[in-house]
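The values are calculated or read from the model by the stated rules, or taken from the named source; none is laboratory data. Please read all numbers here as calculations on a predicted model, not as lab measurements. So basically every Cβ, Gly included, is an ideal-geometry build from the backbone, and we count neighbours across all protein chains shown. These accessible areas exclude ligands, DNA and RNA; they are computed on the full protein's heavy atoms, side chains included. Shrake-Rupley method; radii C 1.70, N 1.55, O 1.52, S 1.80 Å.
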Amino acid sequence: MEYKIAVISGDGIGPEIVGEAKRVLDRVGSVYGHTFRYEEVLMGGISIDTYGVPLTDEALETARRSDSVLLGAVGGNVGNSRWYDVAPNLRPEAGLLAIRKGLGLFANIRPAYLYDGLSQACPLKKEIIGEGFDMVIVRELTGGLYFGERRTEEINGVLQATDTLVYSETEIRRVAVKAFEIAMKRKKKVTSVDKANVLDSSRLWRKVVAEVAKDYPEVSLENMLVDNCAMQLVMNPGQFDVILTENMFGDILSDEASMITGSIGMLSSASLNEGKFGLYEPSHGSAPDIAGKDIANPIATILSAAMMLRFSFDLDKEAEEVENAVCTVLADQYRTADIMAKGMTCVGTKEMGRLICERIRRNG
């Protein structure tokens, strides 16, 4: 089979980690008889430097014509970058919001799994980690505070900023269905996270999720306030299976979940539309301070490519082979700097990619 992938390397470490993910995909193609065609697209800071905007209409159209999108990272250091002393719609992250909206990518899927060999890198105590944890965070991606009306104005000589949080029943329902469908293939538990004790949008969220739950009687549903969920993630992460939440809460909670896996460099993600199309990216940022030093962890991007194989291309066997290769490399005690521990072998970005490729062999 042949697949067309729009590649957005982006800024900072983006080109390095995307390069290793492409290397892994090419290895999968060689072993399993697939062809992956890549078309480079500019987005983020590099697009601003080249075209004056974070995402051009042409770039969006190229992504739309592809079978999926592989993204590295966009942006620079907030407050210390030429890209941030501009209007919000001209900042690098505006390109990310625009491509999500333009491609209808309303559901972000972020697995958070503690690998056997990374318990030392996890900041939680051993008695809290227990047998480990394996959860998926399903985050609504195109609504809420990030997409509501916003303005800054002067009123009676005082600056006032307003951001609007809006959710419709339709937006909530479609992402809830995704979460319950994922739960049906896992441990059949959904934890819906909101702030229903304060926000009207959260009360609507809770109502619609309860309605969706009736169509999935095998799945248990619990509601949890976002502040309690933030605490529970570090007190007892093993209790979670699928966490369903809105845009901003999901942004924050998924980053928290990433750190208890040992490093944000381990957390993959997929952003899906209502069909098979998806945008696949690591959950971490562009890390400009380590760009070009061959020390970035490419595993999150490689695991995101594995999610692409599974969700967009229905290549489950190939996806599992990539995931197993990552597990094997970690079991063989190879580590990048962010997950390094005593007694392990520290390797760079390129070497980690090579080691994972080396362990991808056709099984069955």
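Data for the structure
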read-out	value
Checking Thr170 against (1) of a type in the set (Val, Ile, Thr); (2) open to solvent by less than 40 Å² (accessible area, probe 1.4 Å); (3) out of contact with any strand residue (DSSP E or B) (no Cβ under 8 Å at 6 or more places or on another chain); (4) within 21 Å of Ala107 (Cβ to Cβ), the condition it does not meet	(2)
Residue selected from the stretch 346-364 under the condition open to solvent by 70 Å² or more (accessible area, probe 1.4 Å) and at pLDDT 95 or above, by the criterion farthest from Thr261 (Cα to Cα)	Glu358
Scope the stretch 123-144; condition over 13 Å from Leu267 (Cα atoms) and open to solvent by less than 30 Å² (accessible area, probe 1.4 Å); matching residues	Leu124, Ile129, Gly132, Phe133, Val138, Arg139, Glu140, Leu141, Thr142, Gly143, Gly144
Residue list for the stretch 234-251, filter: closer than 29 Å to Gly14 by Cα and at pLDDT 95 or above	Val242, Ile243, Leu244, Thr245, Glu246, Asn247, Met248, Phe249, Gly250
All strands (runs of 3 or more DSSP E) inside the stretch 224-342 with 1 or more residues being of a type in the set (Asp, Glu) and open to solvent by less than 60 Å² (accessible area, probe 1.4 Å)	278-282
Flag if Ala98 is closer than 27 Å to Lys4 by Cα, open to solvent by 20 Å² or more (accessible area, probe 1.4 Å) and either hydrophobic (A, V, I, L, M, F, W, C) or in a loop (DSSP other than H, G, I, E, B) (or both)	yes
The lone exception for Val193 - which of (1) β-branched (Val, Ile, Thr); (2) under 19 Å from Met224 (Cα atoms); (3) assigned to a strand (DSSP E or B); (4) open to solvent by 40 Å² or more (accessible area, probe 1.4 Å) it fails	(4)
The stretch 48-76: number of residues that are out of contact with any helix residue (DSSP H, G or I) (no Cβ under 6 Å at 6 or more places or on another chain), touching a residue at least 40 places away in the same chain (Cβ under 8 Å) and among the polar types (S, T, N, Q)	2
Odd one out for Ala107, checked against (1) at pLDDT 95 or above; (2) surrounded by fewer than 16 Cβ atoms within 10 Å (Cβ to Cβ); (3) under 30 Å from Lys185 (Cα atoms)	(2)
Residue match in the stretch 318-328 (condition: hydroxyl-bearing (Ser, Thr, Tyr) and over 24 Å from Gly10 (Cβ atoms))	yes
Condition met for Val198 (of a type in the set (Val, Ile, Thr) and assigned to a loop (DSSP other than H, G, I, E, B))	yes
The stretch 201-223, residues that are assigned to a helix (DSSP H, G or I) and either open to solvent by 40 Å² or more (accessible area, probe 1.4 Å) or within 30 Å of Gly130 (Cα to Cα) (or both)	Arg203, Leu204, Arg206, Lys207, Ala210, Glu211, Ala213
Which listed residue is free of Cβ contacts under 8 Å to residues at least 60 places away in the same chain, within 27 Å of Gly102 (Cα to Cα) and not basic (Lys, Arg), from Asp255, Asp251	Asp255
Odd one out for Leu42, checked against (1) assigned to a loop (DSSP other than H, G, I, E, B); (2) touching a residue at least 40 places away in the same chain (Cβ under 8 Å); (3) over 24 Å from Val326 (Cα atoms)	(2)
The stretch 152-167 - residue that is of a type in the set (S, T, N, Q) and loosely packed, with under 11 Cβ neighbours inside 10 Å and, of those, nearest to Trp205 (Cα to Cα)	Thr162
Of residues in the stretch 8-39 being open to solvent by 20 Å² or more (accessible area, probe 1.4 Å) and β-branched (Val, Ile, Thr), the one nearest to Glu321 (Cα to Cα)	Val31
